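This report refers to the structure that appears directly beneath it.
The values are calculated or read from the model by the stated rules, or taken from the named source; none is laboratory data. Note that the structure is a prediction, hence the values are computed from the model and not measured. Cβ atoms come from the backbone with ideal geometry, glycine included; neighbour counts cover every protein chain shown. Remember, those area values only see protein heavy atoms, side chains included, never the ligands or the DNA or RNA. Shrake-Rupley method; radii C 1.70, N 1.55, O 1.52, S 1.80 Å.
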Amino acid sequence: MKPSYQKYIPFQQISLPDRQWPNRVIDKAPIWCSVDLRDGNQALVDPMNLQEKLEFFHALVDMGFKEIEVGFPSASETEYEICRELIEGGHIPDDVTIQVLVQAREHLIRKTFEAIRGAKNVIVHFYNSTSTLQRKVVFKKEMPGIIDIAVQGAKLIRELTEGFEGDTRIRYEYSPESFSGTEPDNAVAICAAVMEALGSTPSNPVILNLPDTVQMCTPNTYADQIEYFIRHLPNRESAIISVHPHNDRGTGVAAAELALLAGAERVEGTLFGNGERTGNLDIVTVGLNMFTQGVDPRLDFSDLPKLRALYERCTKMHVGERQPYAGDLVFTAFSGSHQDAINKGTQYMKESGTEYWEIPYLPIDPADVGRQYEPIIRINSQSGKGGAAFVMQTAFGYTLPKAMHPEFGALVKGACDAAGTELSPQQIFELFRKEYIEVDGPYQLLSQKYIDESADDGSTTKGRFVGTVKNNGFDPVDVHARGNGPIDAFFNALHQVGVDGYHFEDYSEHAISIGSDAKAVAYIRLTTPEGRTVFGVGISHNIYYASIRGVLCAINRAERARQAAE
Ligand code: KIV
Ligand code: ZN
């Protein structure tokens, strides 16, 4: 028996050795046409009701769509009523054209013309299927019969337009459905015949929509088909070339992009790629791909979370976590090296003042699509030392010194491993608080005073520490000492309770706001008598006391570690 994969017929490539499209770039937005309310809607388990369609329609208008396929009014009473409500309810702005789909069949075309009465701008979009396979198994007709269906439809549409009452501007769109499965010369022949029947001219061009109805080939082949079609179409300037890729091979977006290189001027698609089977191309992705290349997509994606919420509510579909630009996880880095690079990129942007977006692993600024408030960096056991520090900085305003990142990172990693899941920013902060802020022994400072004795002209810094220190299980001891600053003076005072052998290494501090209260946080690095590095953190309204508490915290942490090891 043959293996299963051998029952599939490989796609026939077309010959286009001098293809031009690979050397081009996309440098302007196409005409966009949303087919959410038709192609997208017809593929839903529960198609949208009137209210949902109206809400969706207004969102599309607000985004900047000027052409919106609103339905298939001859297909059902509901579709007809929705079209009427859009027109009679005054929902359509003057600069927006609604598009209605109809098969090239007489009674359906007549019904469609009834549905569009009173509209200002309409595209009547008619289609019949032209592919080799459909001709063979569905219509059982040769190409001339298929061309005849399209031409008869075109003639009727032209006639109904000429007799149409009112001042509706009617334009035409023809789709040789399953274009990509049609022999290229047959696709050209049927479209040329339709153009002739419609009387298309450069001032009244027809939209020729070339659907990748079922994807059967790689997107480069679709691009070849589009370029071939454009190069062979007679009266080319009387047509606007539109594409409508579906996503059966997961390449709807790629097919649309390569088709644009091949000369397409218009793109039909849906938000987040809804549509029959695996969907249509996702206009959000194609548009934002342009945006990230410095090309204005001429659609507003600045509040993707809002659009996504509307989409999920109206269609009852779900936008996946990894959906480009819109998914929950697409701006999140778990991996340590990614976090580190994002951190450095953020720092670089701040310091260099660059006017460009230059952050590795983030192809777009999340703020440009309304995603500025979520954590870019999330922490799990894969995360690196810089990740936890980034969260402390961005979520809580604590700038941990670089040398402290490995120590705190290891603590967080251990907690992630123990929990078996990611840690939220709040959990990371709790860990920090327990480890560095709530350390209250073995040494406790019952009172403290630092008297600054530095010279007024700043030529010398010195001062005196006076306080009471208690070591667990011992009576409090009054201590006092001088030093060349609060840390030195405090260190010297600690000798009086037997704290010896610690070396001060480094210190950094910054202000933090806790509610409306401004405080200073000091980070202290010491070497223990055994030669280990230990950090301490101190917080106070007074910068001297913040550093003194930081020293005490470091010593307490070291002493606890030593006791735990004994
Ligand atoms: O996918 C398709 O071919 C269509 C046509 C009706 C344009 O949706
Ligand atoms: Zn479609």
Exercise. Around Gly269, what is the net charge, scoring Lys/Arg as +1 and Asp/Glu as -1 over all other residues with Cβ under 10 Å from its Cβ?
Worked result: -4
Problem set entry | Cβ-defined net charge surrounding Ile359, 14 Å radius [Lys, Arg +1; Asp, Glu -1] | -3
Exercise. Can you tell me the accessible area per residue over region 62-199, all protein chains present, probe 1.4 angstrom, in square angstrom?
Worked result: 42
Exercise. What does the charge add up to near Phe396, with Lys and Arg as +1, Asp and Glu as -1, over the other residues with Cβ less than 13 Å from its Cβ?
Worked result: +1
Problem set entry | Radius, Kirkwood style, for region 1-56 when every pair of distinct Cα atoms is counted (Å) | 16.9
For this session: Take each of the peptides 138-145, 427-434, average the number of other beta-carbon atoms within 10 Å over its residues, and list them starting from the highest.
Result: 427-434, 138-145
Seminar exercise, completed: P(r) over all Cα-Cα pairs of the chain, 20 Å bins from 0 to the longest distance, whole percent per bin, short to long, reads 18, 36, 21, 17, 9, 0
For this session: With a 10 Å radius around each residue's Cβ, average the other Cβ atoms per peptide and rank 189-198, 154-163, 10-19, 254-263, highest first.
Result: 254-263, 189-198, 154-163, 10-19
Exercise. Measuring from centroid to centroid over Cα atoms, what is the spacing of region 346-405 and region 45-81 in Å?
Worked result: 40
Exercise. Looking at Phe390, Cys314, Gly353, which one has the Cα that reaches farthest to the positive end of the dipole of region 283-424 (charges on Cβ: Lys, Arg +1; Asp, Glu -1)?
Worked result: Cys314
Problem set entry | Sequence-separation-based contact order of the chain, relative, with Cα cut under 8 Å and 6+ spacing, percent | 9
Exercise. Using the alpha-carbon centroid of each, what span in Å lies between region 476-520 and region 429-445?
Worked result: 15
Exercise. For Ala367 and Val137 in the same chain, what is the full-extension length gain: residue separation times 0.36 nm, less their Cα-Cα distance, in nm?
Worked result: 77.7 nm
Seminar exercise, completed: What the Cα atoms of region 276-427 span along the principal axes, largest first and in whole Å, is 51, 38, 22
Exercise. So how many Å³ per residue does the convex hull of the Cα atoms of region 226-366 work out to?
Worked result: 148
Seminar exercise, completed: Placing +1 on each Lys and Arg Cβ and -1 on each Asp and Glu Cβ in the chain, then taking the dipole about the Cα centre, the residue among Met48, Leu552, Ser508 whose Cα reaches farthest towards the positive end is Leu552
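Could you give the alpha-carbon Rg of region 376-519 over 2.2 N^0.38 Å, rounded to two decimals?
1.29
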Exercise. Setting aside same-chain residues fewer than 8 positions from Lys53, which lysines have a Cα under 30 Å from its Cα?
Worked result: Lys28, Lys66, Lys111, Lys120, Lys306, Lys316
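Grab the beta carbon distance between Phe396 and Ser76, set R0 = 51 Å, and tell me the FRET efficiency rounded to 0.05.
Once the sixth-power term is evaluated, E becomes 0.35.
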